[in-house]
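In what follows, a single structure is set out as structure tokens and then discussed.
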Amino acid sequence: MKRDFIIDSFEPKCPIRNVLSRIGDKWSVLIIFTLKNHGTMRFNELKKSIGDISQKMLSTTLKMLEEDGFVSRTVYAEVPPRVEYALTSRALSLWPHLENIINWAYDHMAEIIKDRMAQAS
């Protein structure tokens, strides 16, 4: 398939729809961002770094990111068991694009908030 050819976005097999549905949720980019900035982390460290994410949502999102090959999960046979999460090469290849979006958000957030407040008035 040519890179400039876009499958109908209403088609369930559309790569845009499928990828964005997985990384475009509320938590996935924050988890990737946190792991990129801190490196390999344990579950509770990740939860503390993100702050307002519930344990269940963190667990669910990590499983989804692992299924899609963005996060690796390593379990160490220790007592108590130690589990660590890290970004994979797939996530690292996505990172420059996410970083552009993150930088864009920082650059434009004040304007966006101002526009939201104007609309609410």
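Kindly list the residues of region 67-106 that lie in the label zone of Asp25, defined by a backbone N under 13 Å from the point 7 Å along the Cα-to-C-beta vector.
Only 67-68 fall inside the zone, counting backbone N under 13 Å.
Roughly how many debye, to the nearest 20, is the charge dipole of the chain about its Cα centre, given +1 on each Lys and Arg Cβ, -1 on each Asp and Glu Cβ, and no other charges?
So the dipole magnitude of the chain works out to roughly 240 debye.
Using alpha carbons only, how many degrees (0 to 90, rounded to 10) separate the axis of helix 89-120 from the longest principal axis of the chain?
50
Please count, across the chain, the pairs of lysine residues with Cα atoms under 20 Å apart that sit 8 or more places apart or on different chains.
13
Under the rule of -39500 (n - 2.57) per DSSP H run of 4 or more residues, summed and divided by the residues of the chain, what mean residue ellipticity at 222 nm is obtained, to the nearest 500 deg cm²/dmol?
Theoretical 222 nm ellipticity from helices: -19500 deg cm²/dmol.
Relative contact order of region 9-121, please, whole-number percent, based on alpha carbon pairs below 8 angstrom and at least 6 residues apart.
It comes to 21 percent, rounded to a whole number.
Can you pull the percent of Cα pairs in the chain with separation above 17 Å?
65
With angles folded into 0 to 90 degrees, how steeply does helix 28-38 sit against the dominant principal axis of the chain? Use alpha carbons for both and round to 10.
With both axes taken from Cα atoms, the answer is about 60 degrees.
Can you sort Val83, Val19, Val71 by solvent-accessible area, 1.4 Å probe, largest first?
The ranking, largest first, comes out as Val19, Val83, Val71.
The values are calculated or read from the model by the stated rules, or taken from the named source; none is laboratory data. Remember, it's a predicted structure, so these values are computed and weren't measured experimentally. So basically every Cβ, Gly included, is an ideal-geometry build from the backbone, and we count neighbours across all protein chains shown. The area values use the complete protein model at the heavy-atom level, side chains included, leaving out ligands, DNA and RNA. Shrake-Rupley method; radii C 1.70, N 1.55, O 1.52, S 1.80 Å.
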